[in-house]
Amino acid sequence: MRTFVFFISACILCQSAHAVKISGTITDDKGNILAYASIFVKGSSVGTTSNNRGRYFLDLPSGNYTIVCQYVGYTRQEKKLALAGEPITLDFQMSIQQTNLKEVTVKPGGEDPAYEIIRHAIKKRKSYENPLDSFTCEAYIKTLIRSRSLPSRILGKTFSDEDRKDLGVDSEGKGIIYLSESFTRIAFKKPDKIKLEVISGRESGSNGYGFNFPTFINFYSNNVNIFITQLSPRGYVSPIADGALNYYKYKFLGSFFEDGKEINQIRVIPKRRFEPLFSGTINITDGDWRIHSLDLMLTKDYQLEIVDTLKIKQIHVPITPRVWRTQNQVVDFSFKKFGIDVYGNFLNVYSNYDPEPRFRKKYFNNVVVKYDTGVNKKSFAYWDSLRPVPLEPEELEDFRVKDSTFKSRNDSASLRRTADSLRKKQGRITVMNIFFNGIKRSDFDPDHPASIHVQPLIPGLEYNTVEGLVINGEASFLKEYKKTGNSIEFTPHIRYGFSNTHLNAWATLTLSERKFLQDMEGETYSRSSWIFSGGKRISQFNSDNPIGPVLNEFYTLFFRDNYMKIYENYFGSAQYRKRFDNGFRITGTLLYEDRMPINNTTDFSFFGSKDKQFTPNYPYELIPQNFEPNQALIAGVDLQFKPGQRYIEFPDNRMALGSKYPTLDLSFRMGIPDLLGSDVNYEKWQFSIWDNINFKLKGVFKYRLGIGGFLNTRSVYVMDYQNFNGNQTFYASSYLNSFQLAPYYQNSTTASLYGIGHIEHHFNGMLTNKLPLLRNLQWNLVVGSNAFYVNQSNNYVEIFAGLENIFKLLRVDVIGSYLNGRPGQVGVRVGFDGLFGTAFGNALKNPGSRPPPRQN
């Protein structure tokens, strides 16, 4: 056996020893550098790409080769050489492509010959979209982001000279701020199975894995996806899409020949602004009408979001006599907002295509991206032997300096010094910290960090008609165990109302565990947590908390509308949550409450007539007076499943990627009588299904549907009713989970059956781009409806139309409603939605020191 292993090793070493390095520079005929040119061995998929300085290298075994150099807009060159053992320098000087305009006469009003070429390409598009039943290939990916300037403050935080130094930029904010490279194996099998195995990856100045996902941009698809959907939820219309002639104009620039094949060069021109369209040039082969290469651009005038410009260059090469694939791709981008001016590129070099691979059984599963256990532990020698594109001097220096700094900071002695330094930087606790900014402290332990976070007092102030002015205090103590991913968190709360002089205090203990197991069958992953809570608190009658404290105090103080209805309770709860490897989630809850009614104690408001009385502090639409004190022991279980959930698998954990199927959820609650003095006796259930469906150019359709009811209503108190989340304020409540004009409690029920439906369609510019004002503002139309049905005397429907992405943040809806079969209100609601609005709105929903919602 040892002899056999030695023999194999010797063969590998011998093969490596006979590899010959070819290197050179790619320039034009005037000596100007041509960055990211494609260099490959003719008749194979072995190749590389020149770097930003036009330098390249290629390692090949001894033998005779024809080396091809190709660059969009320049005449392809071929050079034959014989490799015997000595390194060879092979430079290319490229000439601008001289196109032949043929003898074509375009009469006034006649059609440009480009249109006939494009029609042929459109007819062939489908057969070229996925020409192989399966294939594998390898991709080298380099991501580079540079800054031209950075502001002195970012997101309200001062960006100091030390921060600039850590980032790797000079005093003016210029320099490389992100650099990574990776090597990924790609596997595909029809109809839609794909797997990426990230063999190696590194980030400059960290132990991260780098940007490892090849940016497959397929122009044979009708709708072209660029990276993430946030760049454009609608996608972009390919210049050779089935309906491309409705969106583009074309101009024939001429043709040229390569390997005896005529290549047609065509200018692509969008017909209209504010449509998701490309501009630039595309080269189409004559006769078989396939993409040879392209140089296309996107800008903000054509529905590009987040970044300002995006330029895409691709070169396609044959990997079989009948099949061509992308050999290299460069995506350049620029971004200039909020004083941040950055630019960069994503370089992808594809090689070693195998059009007839054999996959082991169960190779394709729910893990779409899998990282090797040693992905970020490769040596410099490894990268030097693997990298197909030479690094630029600045990139080499960036890796050297930042990696050295990272290594020195992360040795044991340095970590202790760094932790001491960081602890000192936390500074003293000031009055501003206590009242306005909060207090954050950490011991910066590299393996088991512990931290304390105390919420500020002023932002936690509230006002309601029951407690009057309310002061909230909250602190969280967190201990993390980085190697295992486990954590312990203890969060005490205190709340005092100055009008009713009631003190409420409660605490929550959360124990989280992560398990990642590997065996011969593969890997399994799960997350679980135990959450224990107890004390005395206030709760809303609707456990979904349909109105927040800040909005309630605004309406109370300015309009004398006290919408929030609350009660006090001593409580104790235990909850267990677990997320399984297949995307299945289970939550089990046991809750005990000793419920006590509380009433209004103050009539104060800033504005509003004193003749307008505050409403009682209970759901007066349902009960004539406040409820009797009662005890409740409630058990609950929630089951959630998303079929087809896909994952990214890191060396020690997994991250969900989503699925093409909807999410299914089943919940059950049971009020247990007599035990621990419990007065409740009921069972209720609800089944829900929700999803988002992207129709690309036609927009995004979102829905949430539910059905449920009570199986037993022997003893049900008002806080255990089925509530329909209403909203009586100008601020839009949670989209797809509320009724924007419905009352909060009027329609609450204990019926044996009810149905709920929420639908929205976001056109994402499909119609508004026809209206000059709206398309210039990039405001988009959204329409939909919300409804519930209990019976003929208890039902509700509302329909709405609105505009979203207003200033990238806001959404405004006009809504009409029908309550119990009769016309209701017409109203306007303003909320957060759009490019940045959704995330901003979610941040505002953070409850801070608010009581935890009941699980009932």
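The values are calculated or read from the model by the stated rules, or taken from the named source; none is laboratory data. These numbers were taken from a predicted model, which means no experiment stands behind them. No Cβ is skipped: glycine too gets one built from the backbone with ideal geometry, and neighbour counts run over all protein chains shown. These accessible areas exclude ligands, DNA and RNA; they are computed on the full protein's heavy atoms, side chains included. Shrake-Rupley method; radii C 1.70, N 1.55, O 1.52, S 1.80 Å.
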- Task: Scan region 594-612 for residues that are closer than 11 Å to Phe559 by Cα and touching a Lys or Arg at 6+ places or on another chain (Cβ under 9 Å) and jot them down.
- Result: Ser605, Phe607, Gly608, Ser609, Lys610, Lys612
- Scanning region 817-856 for residues that are among the small types (Gly, Ala, Ser) and modelled with pLDDT of 75 or more, the one nearest to the chain's Cα centre (by Cα) turns out to be Gly834
- Among the residues of region 228-238, is there at least one that is in contact with a Ser or Thr (Cβ under 9 Å, 6 or more places away or on another chain), within 29 Å of Ser385 (Cα to Cα), in contact (Cβ under 8 Å) with a residue 12 or more places away in the chain and open to solvent by less than 70 Å² (accessible area, probe 1.4 Å)? no
- Message: Take the conditions of a type in the set (A, V, I, L, M), over 23 Å from Gly208 (Cβ atoms), free of Cβ contacts under 8 Å to residues at least 12 places away in the same chain and open to solvent by less than 70 Å² (accessible area, probe 1.4 Å) and apply them to Leu457. Does it pass?
- Response: no
- Determine whether Lys142 is surrounded by 14 or more Cβ atoms within 10 Å (Cβ to Cβ), of a type in the set (Lys, Arg), touching a residue at least 40 places away in the same chain (Cβ under 8 Å) and in contact with a Leu (Cβ under 6 Å, 6 or more places away or on another chain). yes
- Can you tell me which residue among Thr281, Thr285 is at pLDDT 95 or above, over 19 Å from Gly260 (Cα atoms) and among the polar types (S, T, N, Q)? Thr281
- Item | Checking Ile217 against (1) open to solvent by 20 Å² or more (accessible area, probe 1.4 Å); (2) touching a residue at least 12 places away in the same chain (Cβ under 8 Å); (3) of a type in the set (Val, Ile, Thr), the condition it does not meet | (1)
- Note on the structure: Over region 458-478, the set of residues hydrophobic (A, V, I, L, M, F, W, C) and over 12 Å from Tyr496 (Cα atoms) is Ile458, Ala475, Phe477, Leu478
- Query: If Ile494 passes every condition in (1) surrounded by 18 or more Cβ atoms within 10 Å (Cβ to Cβ); (2) farther than 27 Å from Lys424 by Cβ but one, which one does it miss?
  - Reply: (1)
- In the list Gly110, Gly156, Gly168, which residue meets the criterion of being farther than 23 Å from Ile315 by Cβ, at pLDDT below 90, over 27 Å from the mean Cα position of the chain (by Cα) and open to solvent by less than 80 Å² (accessible area, probe 1.4 Å)? Gly110
- Item | Unique residue being open to solvent by 20 Å² or more (accessible area, probe 1.4 Å) and at pLDDT 90 or above when the list is Lys195, Lys190 | Lys190
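Residue-by-condition table, conditions (1) polar (S, T, N, Q); (2) open to solvent by 60 Å² or more (accessible area, probe 1.4 Å); (3) without any contact (Cβ under 8 Å) to a residue 40 or more places away in the chain:
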| site | (1), (2), (3) |
| --- | --- |
| Asn376 | yes, no, no |
| Asp384 | no, yes, yes |
| Glu392 | no, no, no |
| Glu395 | no, no, no |
| Gly427 | no, no, yes |
- Message: Can you confirm whether Asn223 is open to solvent by 10 Å² or more (accessible area, probe 1.4 Å) and within 29 Å of the chain's Cα centre (by Cα)?
- Response: yes
- Item | Residue under evaluation Phe135, criteria (1) open to solvent by less than 30 Å² (accessible area, probe 1.4 Å); (2) in contact with a Lys or Arg (Cβ under 7 Å, 6 or more places away or on another chain), criterion not met | (2)
- Task: Take region 562-580 and flag every residue that is crowded, with 18+ Cβ neighbours inside 10 Å and either part of a loop (DSSP other than H, G, I, E, B) or free of Cβ contacts under 8 Å to residues at least 60 places away in the same chain (or both).
- Result: Asn562, Tyr563, Met564, Lys565, Asn569, Arg579
- Looking only at residues in region 519-553 that are out of contact with any strand residue (DSSP E or B) (no Cβ under 8 Å at 6 or more places or on another chain) and open to solvent by 80 Å² or more (accessible area, probe 1.4 Å), which one is modelled with the highest pLDDT? Asp544
- Query: For region 637-753, list the strands (runs of 3 or more DSSP E) that sit wholly inside it and hold at least 3 residues that are open to solvent by less than 30 Å² (accessible area, probe 1.4 Å), in contact with a strand residue (DSSP E or B) (Cβ under 9 Å, 6 or more places away or on another chain) and not small (Gly, Ala, Ser); which are they?
  - Reply: 646-649, 663-671, 681-694, 700-715
- Task: Filter region 64-101 down to the residues that are assigned to a loop (DSSP other than H, G, I, E, B) and open to solvent by 70 Å² or more (accessible area, probe 1.4 Å), then identify the one that is nearest to Ala37 (Cα to Cα).
- Result: Asp91
- Just checking, which of Val782, Val790, Val797 is crowded, with 16+ Cβ neighbours inside 10 Å, touching an Asp or Glu at 6+ places or on another chain (Cβ under 7 Å) and aliphatic (A, V, I, L, M)? Val782
- Query: Does Asn348 qualify as being in a strand (DSSP E or B), under 27 Å from Asn130 (Cβ atoms) and open to solvent by 20 Å² or more (accessible area, probe 1.4 Å)?
  - Reply: no
